[in-house]
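Where a number appears in this text, it was derived from the coordinates with a stated rule and is not lab data. In this text, all values refer to a predicted model and were calculated from it rather than measured experimentally. All Cβ positions, glycine included, derive from the backbone under ideal geometry; neighbour counts span all protein chains shown.
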Amino acid sequence: MKFVLAGFAGSGKTTLFNAMTGLDVPVGYGGQVRVGTVRVPDPRVDFLSRAYSPKKTTHATINLKDVPGEYGGKPHVLSPGALHQIRDREALCLVLRDFVNPALDAAPDPVGDLLAFHDECVLSDLGIAERRLDRARKERADVREIGAFETAVAALEAGRALRQVPRDELYRGFLKGYGLLTDLPLLAGVNVDEDRVGEPLDSGLAAGIAEMGGAGMILSARVEAEIAALDPEDQTEFLEDMGLAEPTLARFIRAAYSLMDLISFFTVGPEDVHAWTIRRGMVARRAAGRIHSDMERGFIRAEIIPYGVFADFGTEQAVKDAGRMRVEGKEYVVVDGDIMYVRFNV
Ligand SMILES: Nc1nc2c(ncn2[C@@H]2O[C@H](COP(=O)(O)OP(=O)(O)O)[C@@H](O)[C@H]2O)c(=O)[nH]1
Ligand SMILES: [Mg+2]
């Protein structure tokens, strides 16, 4: 899954990127586009790993891009280059500055930044959708395609993000491949100073984000950077001192994950405890293809232990003895947390 950290310069994107990826990219003005891998924190994987003591433990991961928020000459206008860098992504994590940045003259204005970012994305999408609509009409393309772009243009002209247009009103199949920014799932992280991490999201901001069809949360990139720099034992103590059960980053990553309707299933054994990422609704046979294409081709059945059942019984044998392991066929819809053992034959 490919995510991006987007937003205006000085909002804390690179600080957050470093904390999330464990990389050490220079912070401050400008910078380059960077890509890194983020481990999706999941206590279930940690539990399974303790239960099996495998040689290898593989968490789900997110591919994250840090895009510098270059100004395109005017304040509050991202350069076309910066917008272009977002187009190949599957979800948008917008970082909004709500702290005083001594390097910037402007006072924090997260609502203003949110609206400015939204307007830019709408304008950019409108340009693309109008051009495609013109061409589709000239080419006498499929009427459903013309209809889809007419709907898209009308929504964008009204200042609406495409993600706000319901499925039955917009045939999204035709919009694929155009990199439309306002159709990407949106998670806004409001970056605040340490003393405000416990505060709820400002109601005006929350309303603005909801109106764009996004989700929002408070975080502090500074605090997350500090936590990431500590040893695991010290991290626990630091979090306890701050009255937090886990780093905000863990919640942020999981929020991005669920925004995309992603779930995890697990494979376990002495070699590898592995979290696999799929979209909610995927059937067992296709999910098996994530592990290996042979498993999809030669799929016979899946043996399933829901994570909750495993956690209750503690061992695989205890689950089996209690008759709680299920056998499911290829059309079974995989549930978040399923521990799956695929029987196959090729
Ligand atoms: N006070 C405070 N400063 C921050 C926070 N997050 C980032 N910064 C600082 O803001 C400046 C810009 O951060 P950077 O991550 O480079 O922002 P970017 O331009 O969005 O990538 C740096 O000096 C950071 O140390 C925060 O939560 N609180
Ligand atoms: Mg940066």
Worksheet item: Taking a ≥ b ≥ c as the square roots of the eigenvalues of the Cα gyration tensor of region 235-323, is the shape rounded (a/c under 1.5), prolate (a/b larger than b/c) or oblate?
Response: oblate
Worksheet item: By counting other Cβ atoms within 10 Å of each Cβ, how are Glu145, Glu226, Glu331 ranked from fewest to most?
Response: Glu331, Glu226, Glu145
Worksheet, complete the sentence: Quick shape check on the chain: root eigenvalues a ≥ b ≥ c of the Cα gyration tensor, a/c under 1.5 is rounded, otherwise prolate if a/b tops b/c, else oblate, and it reads oblate
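Hey, fewest Cβ within 10 Å first, where do Phe265, Phe344, Phe252 land in order?
The fewest-first ordering by Cβ neighbours comes to Phe344, Phe252, Phe265.
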Practice prompt. Answer rounded, prolate or oblate for region 219-282, using the Cα gyration tensor with square roots of eigenvalues a ≥ b ≥ c: rounded when a/c is under 1.5, else prolate when a/b is larger than b/c, else oblate.
Written response: oblate
Worksheet item: Can you list the GluC sites (Glu not before Pro) in region 270-329 that are in a DSSP coil and have 14 or fewer other beta carbons within 10 angstrom?
Response: Glu271
Worksheet item: Roughly speaking, what is the centre-to-centre gap between region 205-229 and region 274-343 when only Cα atoms are used, to the nearest Å?
Response: 34
Discussion item. Could you work out the pair-distance distribution P(r) of region 47-200 from its alpha-carbon pairs, with 10 angstrom bin width and percents rounded to whole numbers?
Written reply: 9, 31, 27, 18, 11, 4, 0
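Restricting to lysine pairs 8 or more places apart or on different chains, what number in the chain have Cα atoms under 22 Å apart?
8
Taking the Cα centre of region 223-346 as the origin, how large is its charge dipole in debye, to the nearest 20, when only Lys and Arg (+1) and Asp and Glu (-1) carry charge on their Cβ atoms?
Numbers: 14 positive and 22 negative charges, 261 e Å.
With Lys and Arg at +1 and Asp and Glu at -1, about 1260 debye.
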Discussion item. Given the DSSP H assignment, sum -39500 (n - 2.57) over each helix run of at least 4 residues in the chain and divide by its residue total; what's the result at 222 nm in deg cm²/dmol, nearest 500?
Written reply: -11500 deg cm²/dmol
Item to complete: Run the numbers on the chain and let me know its relative contact order in percent, using alpha-carbon pairs under 8 Å that are six or more apart.
Response: 18
Item to complete: Express in whole angstrom the spacing between the alpha-carbon centres of region 4-66 and region 87-144.
Response: 24
Worksheet entry | Test item: Cα-centred dipole of the chain, Lys/Arg +1 and Asp/Glu -1 on Cβ, debye | 1900
Discussion item. Using the Cα centre of region 114-188 as origin and beta-carbon charges of +1 (Lys, Arg) and -1 (Asp, Glu), tell me which of Leu184, Cys121, Gly159 is placed farthest towards the positive end of the dipole.
Written reply: Leu184
Worksheet item: Peptides 186-194, 44-52, 162-170: what's the order by average Cβ count within 10 Å, highest mean first?
Response: 186-194, 44-52, 162-170
Item to complete: Return the single residue from Arg140, Arg285, Arg34 with maximal mean-square fluctuation; model: Gaussian network over the chain, springs between Cα atoms under 10 Å.
Response: Arg140
